[in-house]
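Asks: Below: one structure in structure tokens.
The values are calculated or read from the model by the stated rules, or taken from the named source; none is laboratory data. This is a predicted model, so every value here is computed, not measured. Please note: Cβ atoms are built from the backbone with ideal geometry, for glycine as well, and neighbour counts cover all protein chains shown.
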Amino acid sequence: MSKDLGGKNDDSKKRFYHGTRAELKPGDQILPSFPRSGGVGNETKTRVYLSPNLDEAVWDAELSEGAGPSRVYQVEVTGPVGNVSDFPGEQSPGHPSMSCFSCQPLRVVGEVTEWLFYHGTKADLKPGELITPGQTPNFGQKVRTSIHVYLTRTLDAAIWGAELAAGEGRGRVYTVQPIGPIEEDPNLTDKKFRGNPTKSFRSREPLKVTGEVTHWKGHNQETIKAMKDGFRLGLEPIDD
């Protein structure tokens, strides 16, 4: 992708996503608008944001304006694509954010309706094994055990789970299948945040391991330490 939107890369062959609360159908166009606050480059030029990273589109959908459900669409580009990070003045919000933009409309291919679930831990597990409630929590009072087991639809949230998990050894991220009903995790939804930006859920029933994600990029040690220090300040999870 090119800073001046005139690059030679064939972006039409890449898979891109767009997060929104708008209800769209295949063939609809998503039109550029004026940049969001702290935008990039020429502020008088309209643009539309997109990403090859599903996690970024999930965050964008959950944090977008509007009252409807968050939605993620696969989109096609109709013009050149630029990389947001190439421009001065773009501020990182501290979470996955849309990394690409275009000054031309996007065409909706379809809505993302099937999702993988992930679970981050330090346990060495095999496909078919169960992850059960009743474990010591990763933060808060260690004298209790959790009555829930947690899962997420974003890889970034699962990576945090792996890095912050209690125990020895390296962090691991697994794809999982819930056996029973799931509900939104109140620790990461409207009781503490708007929407459910990490697509985090919990269940009172076990999760079945279906595979392991072996290639993922973790956070730096300074960021992990800051997160752990924050937990030590007395933050208690909602686990009722």
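Asks: In the list 195, 169, 180, which residue meets the criterion of being exposed (fewer than 13 other Cβ atoms within 10 Å of the Cβ) and on the phi > 0 side of the Ramachandran plot?
Replies: On the way: 195 fails: exposed (fewer than 13 other Cβ atoms within 10 Å of the Cβ); 180 fails: on the phi > 0 side of the Ramachandran plot.
Going through 195, 169, 180 in turn, just one is exposed (fewer than 13 other Cβ atoms within 10 Å of the Cβ) and on the phi > 0 side of the Ramachandran plot: 169.
Asks: Let me ask you something else. Name the pairs whose Cβ atoms lie under 8 Å apart, with the first residue in region 129-155 and at positive phi, the second at pLDDT 60 or above and surrounded by fewer than 15 Cβ atoms within 10 Å (Cβ to Cβ), and 6 or more positions between them or separate chains?
Replies: Pairs found: 134/145; 134/147.
Asks: Assuming residue 44 fulfils every condition listed in (1) modelled with pLDDT under 95; (2) among the β-branched types (Val, Ile, Thr); (3) not in a loop (DSSP other than H, G, I, E, B) apart from one, which condition is it?
Replies: (3)
Asks: Has region 106-116 got at least one residue that is buried (at least 16 other Cβ atoms within 10 Å of the Cβ), out of contact with any helix residue (DSSP H, G or I) (no Cβ under 8 Å at 6 or more places or on another chain), at pLDDT below 95 and not polar (S, T, N, Q)?
Replies: For region 106-116, residues buried (at least 16 other Cβ atoms within 10 Å of the Cβ), out of contact with any helix residue (DSSP H, G or I) (no Cβ under 8 Å at 6 or more places or on another chain), at pLDDT below 95 and not polar (S, T, N, Q): present.
Asks: Mind listing just one residue for me: the one in region 59-101 that is among the charged types (D, E, K, R), within 17 Å of residue 47 (Cα to Cα) and not in a loop (DSSP other than H, G, I, E, B) and, of those, modelled with the highest pLDDT?
Replies: The residue in question is 76.
Asks: To continue, here is another question. If you scan region 15-34, which residues turn out to be surrounded by 19 or more Cβ atoms within 10 Å (Cβ to Cβ) and either assigned to a loop (DSSP other than H, G, I, E, B) or at pLDDT below 85 (or both)?
Replies: Selection gives nothing.
Asks: Hey, which of the strands (runs of 3 or more DSSP E) in region 145-229, taking only ones fully inside, have at least 1 residues that are at pLDDT 80 or above, out of contact with any Ser or Thr (no Cβ under 7 Å at 6 or more places or on another chain) and more than 24 Å from residue 53 (Cα to Cα)?
Replies: 200-203, 207-213
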